[in-house]
Every structure is written in structure tokens, then in C-alpha cells.
Amino acid sequence: MKLLRLAPENTKFPFMRFRRVSYPFSAAMSILSVVLFLTLGMNFGIDFSGGTLIELRAQSGVADIAKLRSIAENMNVGDVEVQGFGSPSDVTLRFGAQHSEQGDAGAQEAAVARVKAAIGDDYDIRRVEVVGPRVSGELVQSGTLGVVLSIIAVLCYLWFRFEWQFAVGAIIATMHDLLLTVGFFALTRIEFNTTSIAAILTIVGYSLNETVVVLDRIREMMRKYRKMPTDELIDVSVNAVLPRTIMTATTVFLALLSLVVFGGQVIRSFSIAMIWGIFVATYSSVFICSPMLIYLGLRSETVGAEPTPGKLAKGPA
């Protein structure tokens, strides 16, 4: 049986020729992301902006989440998040903070009353909890601190894992992916919540995985072909891992696409952000991290030990 190939073997695509285009393009996109973040800001969800959580239990024994979501669209309380938990009869309903001329407290109570009227007698209301700005602010600080500490730990690993040129390239590529992901959230107005933080951390991990695969191959080729110019050697290395890169990105994309279509509203922001992150991470590992080795002056003589004379070659076999 013939195996499926998403990319041909032994490609010779000149990736490094595009570095004079990819760097200005990525710099412009990064600046735009910062501008969008500072001007539009993030569309914070209930976890960060505050709101109301209502815990319900179905009297029939099984909660109809799809029906509750349909009812929630007509409650006139803004975006409503409906999520099952625990037993099949338990469900939580969350919506954002309400505002009116009579005061925010009165608006919130009126919104809770509308929700109670909409769900009727089919559900017992077990708990009503208001998440205030103070709690939301703590969530923002904790989430941001978690992202920053995770990135610092990963960057320390990269610094000790590779030569300093490799580490700097990987750090720049990771920061590039992080900036563009933040800009994506700001531009698309996808709700930014605790699930989105998980998406950012996952994107950082995926980006590093792709970057390390490319860098490992470049370092292996530099030990083997010491006479080859750096830009040609990087092209050979990237083309060598291209089938693997395309296959990995495609399989992950298909899995995430199924989550977007069938996963429901709860994980939709995570899935959409991850799809964006796959393309950004794949792009940065090839067009951001790899060319950085040329600009940093990496040479084959600086990588690894001298190979034996019988192993020397002028180019790839």
C-alpha cells in the first residue's frame, strides 16, 4: 500500500532567500500586535472582568445544555457561558457584569431575575455567586505571572540546551509567537479567559518543540558539513525536516478543527487560538529562528567537535 505523503521528499526550497522579506513582515506584525493590545485591549471573559455564576440542577435528572444555551441567547444579559460539571444534572451558567443608570448592583440583580424567569421550574437554583473586580484582578495577576514564569523557565532551558546563537534565535521566535497570539486575541475579540492562558502556554510549548526539531537538525548538519555556507546548510536542514513539520502541523490542525466544530463554546476560544498558533509556530521556526543564526554569525567551526577525515563531505549525499 502506498503511503500518504503531504510533502515530497528531498525538497530543495530556498527558505533563507526569504529572510529579507520575513523579518520586516514579522516586525510589522509584532508592532501591530502591540498597538492592538494597547488600543483595543483584550476582550476579557467573566473570569477576568467579573460577573455572576449561577449553579443549576435539573429536576428531570439530566441537564439539557444545548437547550440552556439556546435559552441563554435570549436572556439579554450579554455573553452567557453554559457548562456542565459533576453529575449529568448539574450545570453552571455564567454571564458578565451588568451596568445601568440605576447602578451595577441593581443591574446584576435584575439580570439574575431574568435568568430565573427564563429557565422556569425545570431547574433548581443551588447557588448564585458574584465575582467582583477584586477577585478578577487577582486572576489577571495570577494568570500573567504563570505565563511569565513558564516562559522564563523555558528560555533558561534553551540557553543551556544549545549554543548561545541557537538559544537567542529560539527566544526571539518564541517572543514573536507570543506577541502575534496576543495581537490575534485583540484583533478578533475572542473572549480571553483562563482557557486562553492555557492556549498561550500550549502554543509556546508547540513553538519550542518545532524550533528545537529544526535547531537539532541544523546542529547535526553543521557537524557533518563543515565546508558548506551557513545559509545553504540551513536550507538543507529545513528541507530535511519539512515532511515531518507538515505532517505534524496537519494532524494537529485536523484535531483542533474537530474541536472547533464539535467541541462546543467552552473550548472554542482555546481551539481557535491553537489553530492560529500552529501556523505562527511553524512559520517562526523556519523564517524567524533559522535565519537568525546567519545574522548572529554562527559558523560550523563553532558547533561540536571536529569530525573524522573520512566523514568530511562537501555537501549532502
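None of the figures in this text is laboratory data; all of them are computed from the coordinates on show. Source: prediction; values computed, not measured. Virtual Cβ from ideal backbone geometry, glycine too; neighbours counted across all protein chains shown.
Averaging Cα coordinates gives a centre for the stretch 9-71 and one for the stretch 240-298; these two points are 14 Å apart. Computed about the Cα centre, the dipole magnitude for the stretch 42-94 is approximately 120 debye when only Lys and Arg (+1) and Asp and Glu (-1) carry charge, each at its Cβ.
Pair-distance distribution of the stretch 113-227: all C-alpha pairs, bin width 10 Å, starting at 0; shares per bin in whole percent are 11, 30, 23, 17, 10, 6, 3, 1. When the inverse distances between all different Cα atoms of the stretch 134-291 are averaged and flipped, the Kirkwood radius reads 16.7 angstrom. With the convex hull of its Cα atoms as the shape, the stretch 33-89 has an orientation-averaged projected area of 5.6 nm². With q set to 0.18 Å⁻¹, the log10 of I(q)/I(0) for the stretch 208-251, from the Debye formula over equal scatterers at the Cα positions, is -0.50. For the stretch 150-258, the Cβ-based charge dipole about the Cα centre amounts to some 300 debye (Lys, Arg positive; Asp, Glu negative; other atoms uncharged).
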